[in-house]
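Written below as structure tokens is the structure these notes are about.
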Amino acid sequence: MLSVVTLLIIVTLSLLVTRVATVALTLTGMSRETARFQARSALTGTGFTTREAESVVSHPVRRRIIRLLMLLGSAGLVTAMASLLLSFTSVGSGLAGLKRAVLLLAGLGLLWIFTLSDRVDRWMSVVIERVLRRSTDLQVRDYEGLLRLAGGWVVAELKVSDEDWLADRTLADLDLPQEGVLVLGIERVDGRYVGAPKGSAALHPGDVVILYGHERVVVDLDVRESGLRGERDRRGSRLLFRRHLAAQEREEEEHREAGSEARSSVGRSSP
């Protein structure tokens, strides 16, 4: 009977470790579903080769979490198998073995119900996240993954010079969103940092501005000169961005139409 209880404790601890690891991975910037999948994969030693797995390996904090899960998973699996064998090899009679099997199945069933409860999941996640935030430093986020820095989209720092088109102008005047560029922050010459600056914020020589946008536009802003030539470059950049938005809208419309046709086809084929 002790071996059955030991096995249930091991399974419970495995579920708890997986939940803690899932929350820890989400604190590094991973989505909840991806974090849960990678945590279970590492604990069970499945080792799926996916793009998400590559993002785990390339991230220092996530790599430490996954390495610990692998170690715990190996030890837990061996212990669980040993406990399972002891549960039924030391049985004196068939009735005793049946009782142990019923107890084991009942315990596993309760744990399964426990893991499927959304209320329990939310409560445990809140408690675990609170403990992790107080006792660890896991705020190393994968900003590349969060901002989807692919297809030419980048986050870049530009230092404003005297002759730059950006110099001595407010963000409202620059109106960079019309070129598909967002200003994330400004680092002033004196070291002050302005996060999510408003349109009234001005850029001065020596400031460092943090931008999110397409690489082509960011590079153009870095070399864009003041005066009429800079305004001509801005008009061209705006025109290209409007074309990009139009192409994006057409792609979205085609995607919606394809989805609508697929749903209609399913509806016609169903009895």
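The values are calculated or read from the model by the stated rules, or taken from the named source; none is laboratory data. Because the structure is a prediction, the values reported are computed rather than measured. Cβ sites come from the backbone with ideal geometry, for glycine too, and all protein chains shown count toward neighbours. Each accessible area value is taken on the protein alone, full model and side chains, heavy atoms only, with ligands, DNA and RNA left out. Shrake-Rupley method; radii C 1.70, N 1.55, O 1.52, S 1.80 Å.
Of all the listed residues (207, 190, 162, 168), the sole one being in contact (Cβ under 8 Å) with a residue 40 or more places away in the chain, open to solvent by 70 Å² or more (accessible area, probe 1.4 Å) and farther than 30 Å from residue 32 by Cα is 162.
Filtering region 172-186 to residues that are touching a residue at least 24 places away in the same chain (Cβ under 8 Å), under 30 Å from the mean Cα position of the chain (by Cα) and not in a loop (DSSP other than H, G, I, E, B) leaves 176, 178, 179, 182, 183, 184, 185, 186. The residue of region 196-215 that is farthest from residue 185 (Cα to Cα), among those that are within 28 Å of the chain's Cα centre (by Cα) and assigned to a strand (DSSP E or B), is 214. Could you tell me how many of the residues in region 54-73 are part of a helix (DSSP H, G or I), at pLDDT below 70 and open to solvent by 20 Å² or more (accessible area, probe 1.4 Å)? Going through region 54-73 one residue at a time, the tally reaches 6. Screening the candidates 196, 201, 156 for the property of being touching a Ser or Thr at 6+ places or on another chain (Cβ under 9 Å) and farther than 19 Å from residue 233 by Cα yields one hit, 201.
Is one or more of the residues making up region 211-219 open to solvent by 40 Å² or more (accessible area, probe 1.4 Å), charged (D, E, K, R), modelled with pLDDT under 90 and within 25 Å of residue 159 (Cα to Cα)? Yes, region 211-219 contains at least one residue that is open to solvent by 40 Å² or more (accessible area, probe 1.4 Å), charged (D, E, K, R), modelled with pLDDT under 90 and within 25 Å of residue 159 (Cα to Cα).
For region 34-44, the criterion of a residue being in contact with a Phe, Trp or Tyr (Cβ under 7 Å, 6 or more places away or on another chain), open to solvent by less than 20 Å² (accessible area, probe 1.4 Å), over 20 Å from residue 110 (Cβ atoms) and modelled with pLDDT of 75 or more is satisfied by at least one position.
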